[in-house]
Structure formats: structure tokens, C-alpha cells
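Here the structure is laid out as C-alpha cells; the discussion comes afterwards.
The values are calculated or read from the model by the stated rules, or taken from the named source; none is laboratory data. Small disclaimer: the values here were computed from a predicted structure and weren't measured. Heads up, the Cβs are rebuilt from the backbone with ideal geometry, glycines too, and the neighbour counts pull from every protein chain shown.
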Amino acid sequence: MIKTIIWENEQLVILNQNKLPEEVIYEPCNSVHEVAEAIKTLKVRGAPLIGVTAAFGLALGVTQYEGSFENFHQYYTSIREELAATRPTAVNLFWALQRMDGVYHKNSHKSPAELGRQMLDEAQAMYEEDINTNKMIGEHGAQLLDKPSRVLTICNAGALATCGYGTALGVIRTAYKQNKIIQVWACETRPVLQGARLTVWELMQDKIPVKLITDNMAGYIMQLDQVDAVIVGADRIAANGDTANKIGTYTLAVLAKYHHIPFYVAAPQSTIDRSLASGQDIPIEERAAEEVRSIRGVSVTVKDVEVFNPAFDVTDNSLITGIITEKKVLRPPFEHSLRL
């Protein structure tokens, strides 16, 4: 199993995903600031993994506190805010921090050293829960494929986006073990190429058959009747089922609807944000223009051209066939099934 983060020697060690697939490099994070920068710069990415990484980062910051007990609350608030500011769309980040807040408030009478140990235990529990959750998502999702299938996906919702198994790729992994996968179509996922760099690498590690396509080839592949299902991950799901995921997901959903192909979202319950009525309320992160102007440091356009670079788009619930969670597959109407 791919290790994305490791707690050892009183520090958080991360797999730097910006180096993949050319290099597999693990880097230590020795401070909250380094953890926050790792999340912000996509060294660590994927909604479930971002949440657990932030939990470990918060615990790391607490264990390193050396000030007075009277000033500890102000310190805790500041390091929590630094982590919360890293990625606005992935709701798992805020879910994880709120869960750590629960440990903090329950043990606020204890010394920072004792509290730090409690928070590390909670972060470790979240890590292990994530792997088990993803395996359950895989089991439920694999049941949706009633024949050997060709599945299309975008971005990376695999082991690299989680603590080790994956959501959308977790479904594919489990289905492959059940001899239900003929072919995976991996969209390259511009502008950062998570599909080309990460999904392809990850599936090839497991010897799962995969073909890479550019994002704008997906419609033609569907027109050729080469796709049996689309399975994607999610960064935030509103109460009505509207889903934010990597930019380009909405396009795939529209194409799948036109070609009568089932479109599934695979995500843990921690990705569901019941406080938001619809996808219109989901904050969409806009990233640096340079991600579009260049590919891995090589310029591909006029250097000062204006750029619009949203990292995510929102897929309307009417385009979604089902939402695969660790509990069950949710079906429309999602306002009802998500509430239950």
C-alpha cells in the first residue's frame, strides 16, 4: 500500500506528490508552517488526505509549544487558523480541524504536552479510519459494476489522495480484484496533471490496465462507446448532492448524461457539508496563473497573458447517478438520501 504520510521521530513525514512520477521522495515536516505549506503547494493533496494531514499538523504544533499555559489558547487558535487557510474548498480539512477542536476542549485543563499526546492519538485514529472507510467505499462501489467495465476518471482520487486506498480509485481497486475492470481511462487533468502524473503511476503500480487521455478527448471516447461508467472523487458535497470536484468534472458529467453513461461520485461522509444548501454556496479556490501558463516549469503561452484558474467546478445533482459512501450508495433525490 502506498504510504502518503507517516508520523515518526516526533515529526510528520510526507510523500511529496509534486515530485511524482519521476521521483518518490519523502520529506519531513518539522513545524505547523511546513505542514501548511505542504498542503498549500500540493505536496499533499486530495480532500481526505488534506484533513488527516492538517490533524497531524495541529497535533505537531501543540506538542512543540513551549510558552506559558496562559498564552496557549492564543497559540492554538493561530496555528489552527494557519492550517484552515490552506485550501478553502476541501471540507474534510475543516471537518478534521473541528474534530481536533473536540479533543482540545475536552482536555483543555491538561498541559500542552499531555494535550499533544491526546491529539496525536486522535490524528492516528483518523488515519486508520480513513483507510477502512475507503475500503468500504470500494466494496459498495464495486457492486455497481455488473460486468467487466471500462471506467473513466479524472484527477487523482486514489491512495495518493487519501491515507492509503482511495475513493474513486478505491472502487476501481476493489472492482479489479473482482475481475470487473477491463480498462481505466485516466484524464490528464490540466493544469497540474494529477491524472497523468499520479493516477497513471498509482494504477500502474498495482498493474491495473490504464490508458491516459487528454481532458478534451473524453467526449470522443464516450462517442466511441468505450466508457461504461464514470467514477470521480469529491472535495465537498452540498446537502442537495451538488458536488465540487477537480475542474473538468462537470464537463464529464454533462457528457456522461448525454451518452447515457452512469456518473458516480465516491466520497466519505466527511466530505458531505450539510450546512450548505446547494453547490452555489461552495467556495471555489482559484490558484496561481502560472499553473496554466506553464507545465512543470516550461512556458506554454505568452508569459503575461491573463489567466482564470479555478481549481474546482460544481456538478449539479441532476447529473449524478449515485454517491458512493462508506455506508451505502446514495441515490436521488439526494436531499432525502443525504439527510437520512
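A single member of 206, 215, 273, 228 is assigned by TED's automatic domain parsing to the domain that holds residue 325, closer than 22 Å to residue 339 by Cβ and touching a residue at least 24 places away in the same chain (Cβ under 8 Å), and it is 273. Here residue 73 passes the criteria (1) in a helix (DSSP H, G or I); (2) touching a strand residue (DSSP E or B) at 6+ places or on another chain (Cβ under 6 Å) except the one numbered (2).
Please pick out the residue among 58, 49 that is hydrophobic (A, V, I, L, M, F, W, C), touching a residue at least 60 places away in the same chain (Cβ under 8 Å) and closer than 18 Å to residue 158 by Cβ.
Working: 58 fails: closer than 18 Å to residue 158 by Cβ.
Criteria check complete, one pass: 49.
Restricting segment 107-130 to residues that are without any contact (Cβ under 8 Å) to a residue 60 or more places away in the chain and within 22 Å of the chain's Cα centre (by Cα), the residue that is nearest to residue 97 (Cα to Cα) is 125. Of all residues in segment 146-164, those being surrounded by fewer than 24 Cβ atoms within 10 Å (Cβ to Cβ) and outside any strand (DSSP E or B) number 4.
Restricting the search to segment 276-295, which residues are assigned to a loop (DSSP other than H, G, I, E, B) and in contact (Cβ under 8 Å) with a residue 24 or more places away in the chain? Please lay out each step first, then the result.
Taking segment 276-295 as the starting set, the residues that turn out to be assigned to a loop (DSSP other than H, G, I, E, B) are 276-278, 282-285, 287-289.
Of everything in segment 276-295, those that are assigned to a loop (DSSP other than H, G, I, E, B) and in contact (Cβ under 8 Å) with a residue 24 or more places away in the chain turn out to be 276, 277, 278, 282, 283, 284, 285, 287.
Check whether at least one residue in segment 168-178 is hydrophobic (A, V, I, L, M, F, W, C), surrounded by fewer than 21 Cβ atoms within 10 Å (Cβ to Cβ) and more than 15 Å from the chain's Cα centre (by Cα), and report yes or no. Outline the logic, then answer.
Within segment 168-178, the subset hydrophobic (A, V, I, L, M, F, W, C) is 168-169, 171-172, 175.
Restricting the remaining residues to those that are surrounded by fewer than 21 Cβ atoms within 10 Å (Cβ to Cβ) gives none.
No.
A Cβ distance below 6 Å, combined with a sequence gap of six or more or placement on separate chains, defines the contacts here; from segment 170-193, residues that are under 12 Å from residue 148 (Cβ atoms) reach residues that are of a type in the set (D, E, K, R) in the pairs 182/150; 183/150.
Would you mind stating whether residue 274 is charged (D, E, K, R) and touching a Ser or Thr at 6+ places or on another chain (Cβ under 9 Å)?
Working: charged (D, E, K, R): yes; touching a Ser or Thr at 6+ places or on another chain (Cβ under 9 Å): no.
Here the answer is no, as residue 274 does not meet what is asked.
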